[in-house]
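A.B. asks: First the structure, which I've put down as structure tokens, then a few questions once you've had a look.
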Amino acid sequence: MSPDNQAVMADRAVTAERCAAQWLSGEPAASAEEVARRLLAVQAQDPRGARLAVRARSAGLSAADVDSALACGSLVVSWLNRGTLHLVCAEDYWWLHPLTTPQVRAGNARRLAQEGVPPDDAERAVTTVRDALAADGPLTRSRLRERVAAAGVRTEGQALVHILLLASIRGLIVRGPVAGRDQAFVLARDWLGAPPAEMGREAALGELARRYLAGHAPANDRDLARWAGIGLRDARLGLARCGAVQRADGLAELPGNPRRAAAALPPPPRLLGAFDPLLLGWASRDPITGPHRHIVTVNGLFRPFALVDGRAVATWTINAGQVVLRPFADLEPETRAALNTDAADVTRFLGKQG
């Protein structure tokens with residue numbers, strides 16, 4: 001076998017391991033909480049995409065099951081890794097929040113200024129949000145906009161988003177129950193209860209690295225740093241603290257790598273939603289997208305795509321309640337049949353949300 005072919009085979013083997021870690025092969029999850037616990041944090045600025053990430057890694061669930069987990073507080077959404085909305089298990093919020101939000105404070109202050117919200121107004125707005133949720137929560141963003149505007153603070157443009165981000169950075173609020181097509185905000189302590197004993201920073205970095213590898217191995221320090229939005233030094237400290245094993249190919253995994261057996265088989269053909277974790281977990285997404293980089297648009301949107309043998313082979317949309325597949329090339333009849341079957345499960349899963 002030529003060196004080039006060996007490199008291709010090695011890349012495919014790594015991708016298969018990562019798909020297994022991502023729960024895209026092997027026995028499926030039985031709950032939305034199991035998926036969130038394995039992946040630690042699922043990007044969630046696209047609510048349908050976050051729900052579809054659960055669907056692709058589970059069996060027999062529906063979007064309503066994800067909403068139920070949000071309604072009972074076992075799952076929450078908040079600005080965490082990289083200052084982006086993520087779906088996490090409630091018990092992971094308390095240690096992940098202080099680890100991943102301080103680094104977005106400066107950017108938040110800058111954006112508030114750009115949106116015409118000076119520091120005194122920002123403080124008044126956060127107090128208004130806190131008081132409104134304490135008295136009348138849960139409240140949707142539109143309801144909070146009314147309260148903040150009534151307090152004399154600018155809410156136009158992206159001003160309210162960054163006010164809510166500031167309240168989230170301070171650990172005051174999270175997104176909780178679904179309200180129609182929106183998600184209501186709640187006070188974190190009211191919704192989740194008193195936080196557990198604070199985890200030390202080094203211990204939290206070790207837990208971050210351990211949990212990251214559980215859902216993403218094999219990976220390296222730069223992959224972890226980019227995914228979590230932390231510095232490279234912190235990523236290396238976390239990997240050292242969790243006892244990660246360095247492999248001959250330079251990648252790290254947990255001792256014994258419990259996902260390696262599942263990686264023996266490629267994941268079945270599957271439709272993945274917008275912003276699926278498989279495109280967000282490592283510094284490079286080229287092994288998945290190949291030449292089809294337009295899956296990620298120039299303005300940073302991650303399109304839904306079809307995964308076959310660990311590679312993107314199509315994008316897809318929903319039109320009039322039906323999945324419309326747009327292959328990059330002709331698909332084998334068996335592959336198309338498998339994707340059609342999965343498309344039917346997408347519409348079943350989404351139900352009225354489709």
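The values are calculated or read from the model by the stated rules, or taken from the named source; none is laboratory data. What you see is a predicted model, and the numbers here were worked out from it, not measured in a lab. Because the Cβ atoms are built from the backbone with ideal geometry, glycine has one as well, and the counts that use them run over all protein chains shown. Side chains included, ligands, DNA and RNA excluded: accessible areas come from the protein's heavy atoms. Shrake-Rupley method; radii C 1.70, N 1.55, O 1.52, S 1.80 Å.
A.B. asks: What is the distance in Å between the Cα centroid of region 329-347 and that of region 190-220?
C.D. replies: One Cα centre to the other: 37 Å.
A.B. asks: Under a crude label model (7 Å from the Cα following the beta-carbon direction), how far is Glu91 from Arg12 in nanometres?
C.D. replies: It is 4.0 nm.
A.B. asks: Do any GluC sites (Glu not before Pro) in region 164-214 lie in a loop, going by DSSP, with at most 16 other beta-carbon atoms within 10 Å of their beta carbon, and if so which?
C.D. replies: Working: sites: Glu198, Glu202, Glu207; in loops: Glu198.
Counting only loop positions with at most 16 other Cβ atoms within 10 Å, the GluC sites (Glu not before Pro) in region 164-214 are Glu198.
A.B. asks: Return the long-range amide H neighbours of Leu87 (sequence gap of 5 or more, or a different chain), with a cut-off of under 5 Å between placed amide H atoms.
C.D. replies: Under 5 Å from the amide H of Leu87: Val42, Gln43, Ala44.
A.B. asks: Can I ask one more? Let me know the charge dipole size of region 173-332 about its Cα centre in debye, to the nearest 20, where only the beta-carbon of Lys, Arg (+1) and Asp, Glu (-1) is charged.
C.D. replies: For region 173-332, the charge dipole is close to 140 debye.
A.B. asks: Can you give the FRET efficiency for Thr84 and Ala337, using 1/(1 + (r/R0)^6), R0 = 41 Å, r = Cβ-Cβ distance, to the nearest 0.05? Let's see the in-between values first.
C.D. replies: Values: r = 36 Å, r/R0 = 0.87.
Between Thr84 and Ala337 the formula returns 0.70.
A.B. asks: Please list the non-local residues whose amide H lies under 5 Å from the amide H of Ser58, H modeled 1.01 Å from N, same-chain partners needing a gap of 5 or more.
C.D. replies: Here Ala29 satisfy the definition.
A.B. asks: While we're here: Using unit Cβ charges (K, R positive; D, E negative) and no other charged atoms, how large, in debye to the nearest 20, is the dipole of the chain about its Cα centre?
C.D. replies: Numbers: 43 positive and 37 negative charges, 86 e Å.
Approximately 420 debye in magnitude.
A.B. asks: Next up: Once fully extended, how much extra length lies between Asp182 and Ala71, figured as 0.36 nm per residue of separation less the alpha-carbon to alpha-carbon distance?
C.D. replies: Numbers: separation 111, 0.36 × 111 = 39.96 nm, distance 1.25 nm.
Here the answer is 38.7 nm.
A.B. asks: Between the DSSP loop rule and a limit of at most 14 other Cβ atoms within 10 Å, which GluC sites (Glu not before Pro) in region 110-160 are left?
C.D. replies: Glu156
A.B. asks: If we count trypsin sites (Lys or Arg not before Pro) as exposed when they sit in a DSSP loop and have at most 16 other beta carbons within 10 Å, what is the longest stretch of the chain that avoids them all? List each step's numbers first, then the result.
C.D. replies: Working: sites that count: Arg170, Arg181, Arg247, Arg260.
Segment 1-169 is the longest.
A.B. asks: Given the convex hull over the Cα atoms of region 181-329, what projected area results after averaging over all orientations, in nm²? Working shown, then result.
C.D. replies: Working: hull surface 50.5 nm².
Mean projected area for region 181-329: 12.6 nm², to one decimal.
A.B. asks: Return the distance in nm (one decimal) between the two label points of a simple spin-label model at Gln246 and His294, each offset 7 Å from Cα along Cα→Cβ.
C.D. replies: If labels sit at Gln246 and His294, their model points lie 4.2 nm apart.
A.B. asks: Karplus couplings for region 192-200 from phi (6.51 cos²θ - 1.76 cosθ + 1.60, θ = phi - 60°), rounded to Hz, Gly and Pro as x?
C.D. replies: With coefficients 6.51, -1.76 and 1.60, one gets 9, x, 5, x, x, 4, 5, 8, x Hz.
A.B. asks: Something else about it: Could you sort Asp131, Asp221 by accessible area so the largest value comes first, with the probe set to 1.4 Å? Walk me through the numbers on the way to the answer.
C.D. replies: Numbers: Asp131 80, Asp221 35 Å².
Descending order: Asp131, Asp221.
A.B. asks: Taking only complete DSSP H runs, can you tell me which helices of the chain stretch 24 Å or more along their own long axis by Cα positions and average at least -1.0 on the Kyte-Doolittle scale?
C.D. replies: Values: long enough: 3-21 (27 Å, -0.27); 119-136 (25 Å, -0.46); 333-350 (26 Å, -0.27).
Helices meeting the criterion: 3-21, 119-136, 333-350.
A.B. asks: Using the charge dipole of region 200-336 (Lys, Arg: +1 at Cβ; Asp, Glu: -1 at Cβ; taken about the Cα centre), state which of Phe328, Leu265, Leu254 has its Cα farthest towards the positive end.
C.D. replies: Of the candidates, Leu254 comes out farthest on the positive side.
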